[in-house]
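The values are calculated or read from the model by the stated rules, or taken from the named source; none is laboratory data. Only a predicted model underlies this, so the values are computations on that prediction, with no experimental measurement involved. Using ideal geometry, Cβ is built from the backbone for each residue, glycine included, and neighbour counts are taken over all protein chains shown. Just the protein is used for accessible areas: all its heavy atoms, side chains included, with ligands, DNA and RNA removed. Shrake-Rupley method; radii C 1.70, N 1.55, O 1.52, S 1.80 Å.
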Amino acid sequence: EHRQNSREHVVPESHQDREMGTCPRESLSFHSRFTALTIAREPRSKHGAKDGAVGSGQGCANTSSGAATATTTTTLFEPGKDGQTPQVVVLVGAPGMGKTTVVRKVMVEWGEGMLHTQFDFVFCIDCKAIALPMEASVADLVSQCCPDLQVPGKILDDQKKILLIFDSFEALGFSLVQPEAELSSDPREVKPLELTVMSLLKKTVLPKASLLITTRPAALGSLGQCLEGEYYMEILGFSAARREEYFHKYFENPNKADMAFRFARGNKILYSLCVIPVMSWTICTILEQQLCGTKDLLECSKATTRIMMFYLSQLLKHRDRDNPQVLQQFLLQLCSLAADGIWKHKVLFEEKEIKDSGLDQPDLLPFFLNERIPEEGDHGSVYAFTHLHLQEFFAAMFYVLEDDGEMVSSLRRLEKDVNKLLESYSKSRKDLNVTVRFLFGLVSQKSIEYMDKTIGCRISPRARGELLKWLQGRHRGLSHPVQALKVLEMDTFHFLFEMNEKNFTKSVLSHFTELDLQDTKLTLYDQMALSFCIQHWDGLGCVTLQGCSFHWQDPEAELDASVPCSGVSGAGGHPGALAVRRREELPCPIHLLCRALRQRGSALRVLRLQWCRLSESCCAELAALLAEHPSLARLELGDSSLGDSGVRLLCEGLRNPGCCLRVLR
């Protein structure tokens, strides 16, 4: 009877969607939305990841020992290499990696009688959410988990069939250094909370009970002193295939899921961030908001900076905003640290740096920096941003966050010289690209208003003039004095798309008359940026794309429409997604380019698409462009596979009375 009551209590509790600000989706079960995480068994050491920040790169962090595989909750208590079934499992992960979601999955599976049936009772102590007393017995802790459930003593006597879960163990803040003589052996004995917890960890009470502990790396040092025979597992986030699966599970409409994932996959910054589950959720949430009422994702604009600002607002959602000066001060110091690290190619920061800069604030610091417990020989703890791109975002904020003059860091304060940043990027420091891109995004008018209203931070618009002047002048030295001024770098379009302001874009591009890109792989995101800029480029007279390729999926693994896509077949409840993708006919590769060029009043005279591997499907778009563009006088299509039927389509455009073409090559 008590087991049934416990299950009835657990299932609705764990079904509640506690993600950052989102509402539960009644039409989807928790199981259908859960996406397997990559988990390394037997992580590198008890002292946490040695890598610091999650890398900016291609997938999850590497592990030096233990296999990292996408896994389900059933593996948590599977026998290890020695054949022994672990009694204590420690699940380690950075913030937002999905530790609490894994716990909820365990609770739901047990409560519904699906899995973990070796346990008669599962009790979860949420160390962040439950107001724990100063003194308590084990029985008190269990009662806290299930306030509506009376816990008779005989439940705690049958020790072998109990699983106790401590979720977010680091929130307790215990040093776990107490005299062993004071530990308890009676589950009903009231002791100071730290002693009761230590008694459970050291197995002086309920020695046959199993333990599952989730924690950030910061608490591993103290935990390791108390546990014996424990089994460590580290959450590394989503693999490439699981990122795609997550998008398909988030969006109920397979077409929207497909388009949203292509958009994210084409943006290297966003795709890299998707390794962190909470960032995947953030990106999907924003794309879903943009898609509401809009059939086509291409009609919306979703700058990377806006997604990062939304993520920041969610992190700080439950912060007390009565004292914005405290947050402004903290962010100033954090951004100074981030920028200093970016300039010095540095991602790990020592404990002394954290304290000297005033960042040692336990209610704020863990949201932004992961703590790594030191190895032998290290001096103090070491900290790193959750992801390199987050460090780059805060580095960009350093240059534009308002400082009233009184907030001075004791760190060696960098000079807020935007021109120095831009010139360094132009000359040699191409690694500053992401920071510069975020800089453009932060000084847009919408960003300034959003940061002020939603987060309570003041962004200075002063850098806008410097950014305008820099973009207007950066291509002049690359063009011959007697030739027309050309835009030769794709990043110019990324910067303007990030700011996403029509008038600013027009002001920059009014100084140029030609676009010339060579040997460039254009992802869907690249094409959206290019399309946005062309639409607001009044004086564009000549477009030359030489050796460029247009991709609507992953350019490194373009999938044939007839081949099933890997990584989605395991997504429960989505058998139709693959069929839709097989049937779906992708738009012509140059669809976005031609749509932008067809705008009214365009001054385009010359279009060169040379060695761009254009196919027959592109000819209908080109024919429409010829028919609707009276100023277009020269079209050059070199080394293309247009085919007879493609050329016939092109001729339809040439026959149109609106076509004024003079030269076809």
D_trans [Stokes-Einstein, Kirkwood Rh over alpha-carbon pairs] for region 324-473, 25 °C, 0.890 mPa s, µm² s⁻¹: 153 µm²/s
Per residue value of the accessible surface for region 324-473 (all protein chains in place, 1.4 Å probe), Å²: 43 Å²
Members of 352/453; 346/420; 99/355 lying beyond 30 Å, as alpha-carbon distances in this model show: 352/453
Set of lysines near residue 486 by C-alpha distance (under 18 Å), chain-local residues within fewer than 8 positions excluded: 469, 506
Placed amide H near residue 232: partners under 5 Å, 5+ positions off or other chain: 42, 90
Virtual spin-label span in nm between residue 419 and residue 663, 7 Å along Cα→Cβ: 4.1 nm
Sparsely packed trypsin sites (Lys or Arg not before Pro) within region 450-549, loop by DSSP, other Cβ within 10 Å at most 13: 462
Sparse-neighbourhood loop sites, trypsin sites (Lys or Arg not before Pro) in region 65-139 - DSSP loop, at most 12 other Cβ within 10 angstrom: 81, 128
Within the accessible area of region 606-665 (1.4 Å probe), percent carbon and sulfur: 50 percent
For region 305-314, 3J(HN,Hα) per residue [Karplus equation, 6.51 cos²θ - 1.76 cosθ + 1.60, θ = phi - 60°, Hz, x = Gly/Pro]: 4, 5, 5, 5, 5, 4, 4, 4, 5, 6
Distant-in-sequence amide H partners of residue 520 (H built 1.01 Å from N, under 5 Å): 548, 549
Residue-by-residue Karplus 3J(HN,Hα) for region 260-276, coefficients 6.51, -1.76, 1.60, Hz, glycine and proline x: 4, 5, 4, 4, 5, 5, x, 9, 4, 5, 4, 5, 5, 5, 5, 4, 8
Region 324-473 - percent of accessible surface contributed by carbon and sulfur, probe 1.4 Å: 52 percent
Within region 156-257, chymotrypsin sites (Phe, Trp or Tyr not before Pro) in DSSP loop having at most 11 other beta-carbon neighbours inside 10 Å: none
Vicinal HN-Hα couplings computed from phi for region 435-444 (Karplus, 6.51 cos²θ - 1.76 cosθ + 1.60; Hz; Gly/Pro x): 4, 5, 4, 5, 4, 4, x, 6, 9, 5
